[in-house]
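Data block below; observations after.
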């Protein structure tokens, strides 16, 4: 009976840990996404500045 | 002894859950950041389009 | 239950009459009533008898380890699985990998990729061979399982079983196919060899996708009963029966390309009979199966 309880507990822990570990994967995924989005914002800003300069030159 | 095993198992589950909640908080924080960055990218793009139009008009 | 293996074994053939089926269902119900499910007995049952459709999903979930043997933990474990799926699903929406219009099977693929750390950097669907197998299996499973979350776990565990447990056996199946075909119909084998068709049979469809997209779901699930409970060898016998069933047609074709094309799109009207005969043939060659791979 004791063995049974142990096995049961270990199955439960496994299921819970699987779920929790996924959360870690998600955190890492979001980290990468944030870095890539920062890059995009910066790129768009650079483009913007260039266009602004063109406008100034044209005026 | 059986009680011991049960208590130990529940402690382990609790510890894992605590860890999960921490990760979940981080993920939520990151999620807000991602949403705001998406907004920024869009804004910059809008600005860009406007500037491009100005350049075209000026030329 | 009276344990006369010979008698039980024979009952497979009386299943059609319905009478033996009732007895089998009862013996499965007794197995499922245990506080702690006996996985080995459940495997043996699924290998020998067709699973009654009302218990199929439950038995698959237990055999694939989605549910633990203890009844008492089923609620807890399933809650974990559900929440995990929801967390991943939500995350994929946040990074715009999936949206409302994304087809369900693609959602399953993305969730699986994220879980296994294989999510590509770009959401534009790259068609890796591996993904194609997943999508075919997912599409078939979706027809069999109503609940999305159950369906996801069944797909991912089934695919993992193919990639892990059967990793080394699956590449051997074409050789076994040739071996059993030579025993059953050497004339047909000679014809296929003369057309150089043996190297171009749809092995990917048969042995990697496990007939998903080849057989309709009602027939397919009876094959998957055997795969999930421990035998990927059944796939060989389904392939042999397909070849034997369409022998006349195949003998009339004389190019590997035409043969392959025909076999990739077989008529869907008597697939149930093909599967029944395949299971009989499998029992004939492999004896009463217990846990053979």
Problem set entry | Hits in the stretch C:102-118 (condition: more than 20 Å from residue B:35 (Cβ to Cβ) and not in a helix (DSSP H, G or I)) | C:103, C:116, C:117, C:118
Exercise. Which one is surrounded by the fewest Cβ atoms within 10 Å (Cβ to Cβ), of the residues in the stretch C:89-106 that are under 21 Å from residue C:146 (Cβ atoms) and either in contact with a helix residue (DSSP H, G or I) (Cβ under 7 Å, 6 or more places away or on another chain) or within 11 Å of chain A (Cβ to nearest Cβ) (or both)?
Worked result: C:104
Exercise. Quick one: would you say residue C:135 is out of contact with any strand residue (DSSP E or B) (no Cβ under 8 Å at 6 or more places or on another chain), in a helix (DSSP H, G or I) and farther than 24 Å from residue C:207 by Cβ?
Worked result: no
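Condition test on residue C:173, is it buried (at least 18 other Cβ atoms within 10 Å of the Cβ), closer than 30 Å to residue C:58 by Cβ, modelled with pLDDT of 95 or more and touching a strand residue (DSSP E or B) at 6+ places or on another chain (Cβ under 7 Å)?
No: the conditions fail for residue C:173.
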Exercise. For the stretch C:138-170, which residues satisfy the criterion of being surrounded by fewer than 18 Cβ atoms within 10 Å (Cβ to Cβ), out of contact with any helix residue (DSSP H, G or I) (no Cβ under 6 Å at 6 or more places or on another chain) and assigned to a helix (DSSP H, G or I)?
Worked result: C:148, C:157, C:160, C:163
Exercise. Residues C:42, C:58: which one is crowded, with 21+ Cβ neighbours inside 10 Å and either in contact (Cβ under 8 Å) with a residue 12 or more places away in the chain or touching a strand residue (DSSP E or B) at 6+ places or on another chain (Cβ under 6 Å) (or both)?
Worked result: C:42
For this session: For the stretch C:194-210, state whether one or more residues are in contact with a strand residue (DSSP E or B) (Cβ under 9 Å, 6 or more places away or on another chain) and assigned by TED's automatic domain parsing to the domain that holds residue C:250.
Result: yes
For this session: Could you check, for the stretch B:16-39, whether at least one of its residues is surrounded by 13 or more Cβ atoms within 10 Å (Cβ to Cβ), farther than 30 Å from residue C:83 by Cα and facing chain A (nearest Cβ under 7 Å)?
Result: no
Problem set entry | Selected residue [surrounded by fewer than 16 Cβ atoms within 10 Å (Cβ to Cβ), within 9 Å of chain A (Cβ to nearest Cβ) and more than 25 Å from residue A:13 (Cβ to Cβ)] from B:48, B:53, B:43 | B:43
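The values are calculated or read from the model by the stated rules, or taken from the named source; none is laboratory data. Predicted model only: the values in this text are computed from it and were never measured. All Cβ positions, even for glycine, are placed from backbone atoms using ideal geometry, and neighbour counts span all protein chains on display.
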